[in-house]
Amino acid sequence: MFEFFDTPFGMIALAGIAGVVLLAIGLMVLTNSDQSDPMQKFSLQLKPERAVEKKEGAQLRRKRGREIKALQNFSRFLEPENENELSAARQRMIQAGYYSKTAVRDFAAMQFILAIGALLVSSLFVFVIAPEAFEGPLLTGIVMVAPMMIGYIAPRRWVENRIEARKSEILSGFPDALDMMLICVEAGQSLDQSIQRIGREMKDAYPALSEEFGALGEQVKAGRERNEVLRDMAKRCDIPDITSFATVMIQAATYGTSITDALRIFASEMRDKRIMRAEEKANLLPTKMTLGTMLFTVPPLLIILIGPSVVGISSELNAGIITGR
């Protein structure tokens, strides 16, 4: 069972396992080591009664501080070191719907865990479970590296697909949101009240759009400038229609024009754009169906038309061959 340790790949696997064990031991040492402050010890000696009262709380705070410090030692492996890359990664996570402050670090940790886990599982399968099935080093390397690459790339693909799905959902529901906003404003509500109403009413139909308008309304309600919040929304969504909406609202507020007229014109343009997108998809449909038509319609038609003639010709040839004999 342990004959694979005699091979070069077995030695590599053994070294990898030893490295993982040493890393785990190092983490335990960093987490459990007691590194008390000398001044804090001196203060405890001078004030024993106060130290006894706050002993449990101080120990808990020190423990949490050591755990956070131990995690910060490995933070460079869990998030980008460059500020621009970190900002771009955080923006992508926000576009995907993950608003947590630790979303970037959680995403990088998930990539690391899936890659290492896939590598360990593939190594166990290659060297322990079925070592006789992998004779060549090329096949062994592919089987070990391919799951690790899949585990590393899969979270990135998940985030990209989620971003595209959210953009598509926001884009499809945005004209309806503008129509509802126009109705609310014409009914006498303010723009802020209309935004909050849209965030509540569109929660079931378009959850992503409801989250964006809900966040917009809450930020304005908290006291932020509406123009700044609109710019943040346009940057967060990264959709041309949302950017145009933010620009129109900012210009209407800056130059003192009627928000109702601006919303009416802009909502009409968004409805026309939605119809144009639907027509574009309908025009692309025949082109996409051409390949399917050729594969599933032409061969059966040829069989029906040419099949009887081929059968008749083959039977006549067989009859002539038999008569000639």
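Quick look at the numbers
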| read-out | value |
| --- | --- |
| Area projected by the alpha carbon convex hull of the range 232-307, averaged over all directions, nm² | 7.3 |
| Gain on full stretching of the segment that runs from ILE142 to MET289 - 0.36 nm per residue minus C-alpha separation | 49.2 nm |
| Loop-located GluC sites (Glu not before Pro) in the range 156-246 whose Cβ has at most 15 other Cβ within 10 Å (DSSP) | GLU225 |
| Segment GLN91-SER314, length gained on full extension (0.36 nm per residue, minus Cα span) | 73.4 nm |
| Paramagnetic reach from GLU160 in the range 215-238 [backbone N under 19 Å; point 7 Å along Cα→Cβ] | 238 |
| Estimated FRET transfer efficiency when R0 is 41 angstrom, pair ALA278-GLU132 (beta carbons, to 0.05) | 0.10 |
| Relative contact order of the range 166-281, pairs being alpha-carbon contacts under 8 Å that are 6 or more residues apart, as % | 26 |
| Dipole of the range 166-281, positive end: most advanced residue of ALA246, VAL185, ALA222 [Cβ charges, Cα centre] | ALA222 |
| From the C-alpha gyration tensor of the range 166-281, square roots of 5λ in Å | 20, 16, 14 |
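We did not get these values from a lab; they are worked out from the coordinates using the rules stated. Since the model is a prediction, treat every value here as computed from it, not as a measurement. Glycine also receives a Cβ, built like all others from the backbone with ideal geometry; neighbour counts cover every protein chain displayed.
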